[in-house]
Amino acid sequence: MSSCCLVDSKVNEMATNRARCGQPQKRGTKDKPNGYFADSAVSERRQKDREERLALVLWRRPIVTLHYFLLETFITLKEWTLKLWRRRGAVFLFLVLCSLFSLAYSTEGAHQKYVQYLEKRFLWCAYWVGLGILSSVGLGTGLHTFLLYLGPHIASVTLAAYECGSTDFPEPPYPDQIICPEAGGMEGSISLWSIISKVRMEACMWGAGTAIGELPPYFMARAARLSGADPDDEDYEEFEEMLGQAETAQDFVTRAKLGVQNMVQKVGFFGILACASIPNPLFDLAGITCGHFLVPFWTFFGATLIGKAIIKMHIQKLFVIITFSKHIVEQMVSLIGSLPRVGPSIQKPFSEYLEAQRSKLHHHTGEGTPASENWLSWVFEKVVLVMVCYFIFSIINSMAQSYAKRRQRSQQQRYSEEKTK
């Protein structure tokens, strides 16, 4: 009898303990708002830190911005030096190849014409590849090199081809300066395809440069996914936030980004090709998406290279060539002149500019210098100068903000370590 009472008392005690243990669980379910408040506090702190970094620009805090820029430059150079030291075998092989080329370049012989030809082609291709990389690599605001360099070059070749009746411009001075060949050409013999062929090399090299410039977001997202570490990149953080808010997205920009992400993720190679083949300001998101979902490198880069260097560049070339063809330009100038009141005054500088360009095309060595250019060319040169300067300033601001982010992260780590002690 006593043993039965003892068992009953034990059972009652265990039930009481279960009830007591269950009470915190119920309370824990009611404490979800505490977790929400903690997440909101973290997001508010991140937003505050981001606003502080964005306020770090040359025109507001020049001394601090330049100081942080120099420190970030020193850290970046140190990191690059360590990476090169780890790959010292490849660096040594590269230096040996450069030494052999330098030896062949400085030695006289029958091979010099081939060396000079290779040097000229290499520098010309490297120039356009570099401009393409600057256009898409994400340094600062990005330098719009198509509008500043490639587009005007294609337009100049188009105007010269129609004026000269030929694309066989004498080399030199082409491509530094375009001059009509002495033999000339037949009027009406210029076709769209001949102009496309003339500018194909530089256009494809520029497109290949833009494809290379899309690689950093891909490698950053891929490394972050494989390592599980928190990457030091705001675009990737925005991408993760966008994935978390995919079901509740309302605005057009977020839905467009989600559309690009879904196309790249589900369609694969052809989805990347479609995004790369059209002017797409959201293509950075495609690189981050491919890296995040571990798309193979050659799938991403192959589709990007084909889309940007072949398909997209031919679309852009066609647009510029058609826009600056002879009859279209004449129609545009006459349309400007037909504007009420201000038309003739605006038409005059455009006509003078076109006439000056025509005279330069027929100017040969020893014939004196052509007439001075008008204010249109002066304005374009100053616009290019301003955009390049702004690009440099944006790089300085971006690197200073990167160093500020380093400081904020180190301060947060010290704070969390002190809190755990």
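The values are calculated or read from the model by the stated rules, or taken from the named source; none is laboratory data. Everything numeric in this text was worked out from a predicted model, so none of it was measured. Quick reminder, even Gly has a Cβ in these numbers, built from the backbone with ideal geometry, and neighbours come from all protein chains shown. Accessible surface areas use protein heavy atoms only, side chains included; no ligands, DNA or RNA. Shrake-Rupley method; radii C 1.70, N 1.55, O 1.52, S 1.80 Å.
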Got at least one residue in the stretch 136-143 being at pLDDT below 85, more than 25 Å from the chain's Cα centre (by Cα) and open to solvent by 40 Å² or more (accessible area, probe 1.4 Å)?
no
Within the stretch 114-133, residues being open to solvent by less than 100 Å² (accessible area, probe 1.4 Å), over 25 Å from the mean Cα position of the chain (by Cα), within 18 Å of Y174 (Cα to Cα) and not acidic (D, E) number 1
Might you let me know whether the stretch 386-396 holds any residue that is under 18 Å from A160 (Cβ atoms), at pLDDT below 85 and out of contact with any Asp or Glu (no Cβ under 9 Å at 6 or more places or on another chain)?
no
Among residues of the stretch 100-113 being surrounded by 11 or more Cβ atoms within 10 Å (Cβ to Cβ) and of a type outside the set (G, A, S), the residue farthest from P173 (Cα to Cα) is F101
Within the stretch 59-74, restricting to residues that are charged (D, E, K, R) and free of Cβ contacts under 8 Å to residues at least 12 places away in the same chain, the one that is most open to solvent (accessible area, probe 1.4 Å) is R60
Going through the stretch 319-347 in order, the residues found to be part of a loop (DSSP other than H, G, I, E, B) and surrounded by 12 or more Cβ atoms within 10 Å (Cβ to Cβ) are F324, S325, L339
Taking the stretch 85-94 and keeping only residues that are assigned to a helix (DSSP H, G or I) and open to solvent by 100 Å² or more (accessible area, probe 1.4 Å), one is left with W85, R86, R88, F92, L93, F94
